[in-house]
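Read through the structure below, which is laid out as structure tokens, and then see the notes.
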Amino acid sequence: MSDRTIRVLLVDDDPLVRTGLRLMLAGADGITVAGEASDGDELDDAVTRTHPDVVLLDVRMPRVDGVTALRRLTADPRPAVIVLTTFRTDGVVLDALRAGAAGFLLKHTPPQQIVDAVRTAADGQPIVSPSVLSQLIEHARSGGAPAAPDLREAGLSQREHDVAMAVADGLGNAEIAEQLYLSLGTVKSHISSALTKLGLENRVQLAIRAHDARPRD
């Protein structure tokens, strides 16, 4: 993304929050605010109209919340979405990640970290650390929900299954290649194939799905 401007869409019902984000991003090189929306029910139309690379999406809005709006998003190509929340409510954040968010940020995150997150998301990388993701999933599973079906039941090969589980462990592609004695290109191919077979959008969703498929102790 370094050779072109990153277009960002702001979606928050609080105009002061949108103003603060707009001013913050305006001072960052290579980033422009392409548009704004004040509620989740405006997301799909705003994405179609402004063609953003990244969306900063508030979780809690009065008419349509961020998670519901994300689930309804049909725009193609789909932008990277970072959800914004005042407090880290694990269930809500995990729902957003399951719906395809690239990650989440607390609204009091320092400005430079928000700018860095926008750039990271625009490069197709997740905005959530493996340790935090594991905590979120364990929180959800502690509520008694059953484990998801084995990934191989969805048509994944044994190697694709192994790679997906390594993604869930927080390993990068190079680490997976070394651990499973595969080339880097083969790892990328297995991840792409697993995403397609499981109907997922990104690496974060794959990690969650693989975590969910692990048997409970």
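For this structure, a couple of remarks:
- Between Asp116, Asp41, the distinction of being modelled with pLDDT of 85 or more, more than 20 Å from Arg203 (Cβ to Cβ) and not hydroxyl-bearing (Ser, Thr, Tyr) belongs to Asp41 only.
- Checking each residue in segment 190-217 for being without any contact (Cβ under 8 Å) to a residue 12 or more places away in the chain, assigned to a helix (DSSP H, G or I) and either over 17 Å from Ala154 (Cα atoms) or in contact with a helix residue (DSSP H, G or I) (Cβ under 9 Å, 6 or more places away or on another chain) (or both) picks out only Leu195.
- Any hit, segment 23-32, residues being under 19 Å from the mean Cα position of the chain (by Cα), modelled with pLDDT under 95 and under 18 Å from Phe104 (Cβ atoms): no
- Residue check for Val55: aliphatic (A, V, I, L, M) and in contact with a Gly (Cβ under 9 Å, 6 or more places away or on another chain): no
- Scan of segment 91-113 for residues that are surrounded by 22 or more Cβ atoms within 10 Å (Cβ to Cβ) and either over 21 Å from Leu198 (Cβ atoms) or free of Cβ contacts under 8 Å to residues at least 60 places away in the same chain (or both), ordered by number: Val93, Ala96, Phe104
- Qualifying residue in segment 63-76 (condition: without any contact (Cβ under 8 Å) to a residue 40 or more places away in the chain and either under 23 Å from Gln112 (Cα atoms) or more than 17 Å from the chain's Cα centre (by Cα) (or both)): yes
- Total residues in segment 15-29 satisfying the condition of being touching a residue at least 60 places away in the same chain (Cβ under 8 Å) and in a helix (DSSP H, G or I): the figure is 4.
- Meets criteria (modelled with pLDDT of 85 or more and assigned by TED's automatic domain parsing to the domain that holds Arg22) for Ala174: no
- Whether a residue is closer than 23 Å to Thr109 by Cβ, of a type outside the set (D, E, K, R) and part of a helix (DSSP H, G or I) was assessed, and Ala46 passes this test.
- From the options Gly66, Gly124, residue that is within 24 Å of His211 (Cα to Cα), among the small types (Gly, Ala, Ser) and surrounded by fewer than 23 Cβ atoms within 10 Å (Cβ to Cβ): Gly124
- Of the residues making up segment 155-168, those that are surrounded by fewer than 15 Cβ atoms within 10 Å (Cβ to Cβ) and either part of a helix (DSSP H, G or I) or touching a Pro at 6+ places or on another chain (Cβ under 8 Å) (or both) number 1.
- Residue check for Asp58: within 15 Å of Leu10 (Cβ to Cβ) and either touching a Cys at 6+ places or on another chain (Cβ under 9 Å) or modelled with pLDDT of 90 or more (or both): yes
The values are calculated or read from the model by the stated rules, or taken from the named source; none is laboratory data. In this text, all values refer to a predicted model and were calculated from it rather than measured experimentally. We place every Cβ from the backbone using ideal geometry, glycine too, and count neighbours over all the protein chains shown.
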